[in-house]
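Engineer: One structure, as structure tokens, below. Some questions next.
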Amino acid sequence: MLESPFFMMGQAFSKRLLDADIFSHKRNWRIFSQPWVVRTLFTLLFVFYLGVPAWFYFCPWFRRTAVYLHFADWPFQALSDPEKYGLSNTKHFFVETSTGELLGVWHILPNSANFTLNVPSSFDNDDQPVILYLHGSAESRSAPYRRSMYGVLTRNPLCAHVVTFDYRGFGDSTYISPTASTLQEDAMAMFLWLQKYVDASRIIIWGHSMGTGIAVKLGEALSKSNQSNPFAIVLEAPFTSIADATRTFPLSYFHRRLPLFETFCAQQTRHPDTNLNSDERIGAVTAPILILHAADDSMVWSEQGKTLWKRAIRDRPSNLHRPVFVELDGKHGCGHRNIHKAPNLSSEVFKFLESVKLYNIAQNSCQRILKCDINEDYR
């Protein structure tokens with residue numbers, strides 16, 4: 001087995017350090033006793049442990065940036081060419097928001113499709129579900145783990161159309177500093193765009209991580225405005241609130257033990273700019289809900305998904321389709337971003353969608369019977 005050149009160079013460098021025996025000479029450690037070194041280290045620690053929380057507390061822009069991480073992406077991406085990302089039968093285009101700004105979009109055909117992709121008329125070529133995918137924080141719709149999920153959703157047994165896009169501030173969409181309001185506006189713009197070509201009964205809103213907070217906000221807005229509900233809402237690795245998520249998120253590891261972490265960091269995420277707290281809104285969502293969470297999720301612990309599920313059962317009217325919670329086995333290494341690795345993912349989603357179909361059939365039957373009874377009474 002060949003060793004890499006970097007491994008060999010590392011071995012040689014380590015050997016030279018040991019041969020030189022530099023750590024045995026006290027004079028080599030004197031630099032750490034120099035006043036300027038001590039001052040520099042103290043300043044760095046001060047900025048890291050106190051400066052960052054202070055910025056988070058006092059600066060809304062810094063707080064939004066830390067929550068959404070929209071700057072964290074690979075530069076010079078060719079999102080206009082999906083084939084470079086291994087996505088065939090995928091169309092790139094832009095959707096214009098009500099304010100004239102642009103959202104970069106991919107429409108990925110189901111694997112079962114035997115027709116040429118032509119947005120939007122290709123939706124009429126079959127009756128397969130259409131998934132509006134709301135991605136999470138950081139990176140764009142081209143992130144590898146997101147592309148892997150598109151593959152699962154477009155294959156058997158789901159065979160769904162996937163419409164995925166970047167919010168303003170992400171990917172190739174119009175650049176702004178996103179807020180909770182702009183994220184919801186973008187999701188609503190995409191839903192309304194889809195409704196021009198697809199009946200709402202075919203649309204499934206699928207949110208991952210941060211996208212679950214947006215999906216719940218969108219579901220709440222659709223329910224309250226008496227607009228057509230989507231067929232279902234799927235929440236993948238959801239949090240109860242951003243505040244709860246900060247307590248487990250890896251980037252907060254060094255700060256969450258500070259005495260003022262709750263005041264300076266966690267509670268500040270309840271500001272309207274970053275308020276994607278699903279526990280406050282889930283009860284107002286009337287569309288069927290499926291919650292998926294991996295048991296080994298170390299970013300947003302599965303207890304949050306379970307808590308959100310219980311909250312939905314408690315707060316939603318009992319006549320609605322009962323929310324479903326599925327915890328995926330941690331042995332598959334799903335974690336927070338790789339639920340697509342779970343071998344039973346497709347079957348669990350398919351089973352849920354079938355239960356929604358049966359529920360809708362039963363509801364329609366009850367409505368027809370009730371309507372007949374009312375008409376009979378008038379006779």
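Engineer: Residue by residue through the stretch 258-275, what is 3J(HN,Hα) from phi via Karplus (6.51 cos²θ - 1.76 cosθ + 1.60, θ = phi - 60°)? Round to whole Hz and write x for glycine and proline.
Structural biologist: Karplus values, whole Hz, x for Gly and Pro: 6, x, 9, 4, 4, 6, 7, 10, 4, 5, 5, 6, 7, 4, x, 5, 10, 7.
Engineer: Would you work out which of Leu290, Gln268, Gly330 lies farthest towards the positive end of the dipole of the stretch 242-360, given +1 charges on the beta-carbon of Lys and Arg and -1 on that of Asp and Glu, about the Cα centre?
Structural biologist: Of Leu290, Gln268, Gly330, it is Leu290.
Engineer: Name the residues whose placed amide hydrogens come within less than 5 Å of the amide hydrogen of Leu328, ignoring near sequence neighbours (fewer than 5 apart) on the same chain.
Structural biologist: For Leu328, the qualifying residues are His293, Ala294, Ala295.
Engineer: How many angstrom separate the Cα center of the stretch 173-212 from the Cα center of the stretch 120-152?
Structural biologist: 12
Engineer: Same structure again: Can you check what the net charge comes to around Ala294, using other residues whose Cβ is under 13 Å from the Cβ of Ala294 (Lys, Arg +1; Asp, Glu -1)?
Structural biologist: Numbers: positive: Lys306, Lys331, Arg337, Lys341; negative: Glu236, Asp296, Asp297, Glu303, Glu327, Asp329, Glu348.
After counting each charged neighbour, the total is -3.
Engineer: On to the next question. Just grab the label-to-label distance for Glu83 and Thr40, each label 7 Å out from Cα along the Cβ direction, in nm (one decimal).
Structural biologist: With each label placed 7 Å out from Cα toward Cβ, I get 5.2 nm.
Engineer: Could you give the distance between the Cα centres of the stretch 294-314 and the stretch 84-108, to the whole Å?
Structural biologist: 31
Engineer: What accessible surface, in Å², does a 1.4 Å probe find on Phe325, ignoring ligands, DNA and RNA and rounding to the nearest 10?
Structural biologist: 40
Engineer: Any chance you could run the full-extension gain for Asn344 through Asn319? It's 0.36 nm times the residue separation minus the Cα-Cα distance, nm to one decimal.
Structural biologist: Values: separation 25, 0.36 × 25 = 9.00 nm, distance 2.86 nm.
The Asn344-Asn319 span can extend by a further 6.1 nm.
Engineer: What ranking, highest mean first, results for peptides 66-78, 222-234 when packing means the other Cβ atoms within 10 Å averaged over each residue?
Structural biologist: 222-234, 66-78
Engineer: For a quick protection proxy, order the peptides 204-211, 83-90, 338-345 by their average other-Cβ count within 10 Å, most packed first.
Structural biologist: So the peptides 204-211, 83-90, 338-345, ranked by packing, come out 204-211, 338-345, 83-90.
Engineer: Karplus couplings for the stretch 159-164 from phi (6.51 cos²θ - 1.76 cosθ + 1.60, θ = phi - 60°), rounded to Hz, Gly and Pro as x?
Structural biologist: 6, 9, 6, 10, 10, 10
Engineer: Can you flag which of Lys331/Lys357; Lys217/Lys331; Lys91/Lys310; Lys217/Lys306; Lys84/Lys306; Lys196/Lys310 are past 28 Å Cα-Cα?
Structural biologist: Checking Cα-Cα distances, Lys331/Lys357; Lys217/Lys331; Lys91/Lys310; Lys84/Lys306; Lys196/Lys310 exceed 28 Å.
Engineer: Mean shadow of the stretch 228-379, computed from the convex hull of its alpha carbons, in nm²?
Structural biologist: Working: hull surface 46.5 nm².
For the Cα atoms of the stretch 228-379, the hull's average projected area reads 11.6 nm².
Engineer: Still on this structure, I have one more. In whole Å, what three semi-axes, largest first, describe the equivalent ellipsoid of the stretch 53-209 built from its Cα gyration tensor (square root of 5 times each eigenvalue)?
Structural biologist: Values: eigenvalues 163, 54, 38 Å².
Semi-axis lengths for the stretch 53-209 are 29, 16, 14 Å.
Engineer: Give the long-range amide H neighbours of Ser137: residues separated by 5 or more places, or on another chain, with amide H under 5 Å away, using H modelled in the peptide plane at 1.01 Å from N.
Structural biologist: Long-range HN contacts for Ser137: Met210, Gly211.
Engineer: For the stretch 137-147, just list the computed ³J(HN,Hα) in residue order, Karplus coefficients 6.51, -1.76 and 1.60, θ = phi - 60°, integers in Hz, with x standing in for Gly and Pro.
Structural biologist: So the Karplus estimates, Gly and Pro as x, are 6, 6, 6, 10, 5, 8, 3, x, 5, 6, 5 Hz.
Engineer: What distance in nm lies between label points placed 7 Å from Cα along the C-beta direction at His271 and Leu102?
Structural biologist: The answer from the label model is 3.1 nm.
Engineer: Let me ask you something else. Rg/Rh for the stretch 195-256 to two decimals, with Rh computed the Kirkwood way over all alpha-carbon pairs. Mind showing how you got there, number by number?
Structural biologist: On the way: Rg = 15.0 Å, Rh = 13.2 Å.
Answer for the stretch 195-256: 1.14.
Engineer: Can you give me the distance in nm between label points at Lys310 and Ala72, each placed 7 Å from the Cα along the Cα-to-Cβ direction?
Structural biologist: Modelled inter-label distance: 2.9 nm.
Engineer: The stretch 191-295: percent of C-alpha pairs farther apart than 17 Å?
Structural biologist: 56
Engineer: For Thr263 and Asp199 in one chain, what is 0.36 nm times their gap in residues minus the Cα-Cα distance, to one decimal in nm?
Structural biologist: 18.5 nm
The values are calculated or read from the model by the stated rules, or taken from the named source; none is laboratory data. A quick note: this is a predicted structure, and the numbers were derived from the prediction, not measured. Every residue, glycine as well, gets a Cβ built from its backbone with ideal geometry; the counts of neighbours run over all protein chains shown. Areas reflect the complete protein model, heavy atoms only, side chains present, ligands, DNA and RNA absent. Shrake-Rupley method; radii C 1.70, N 1.55, O 1.52, S 1.80 Å.
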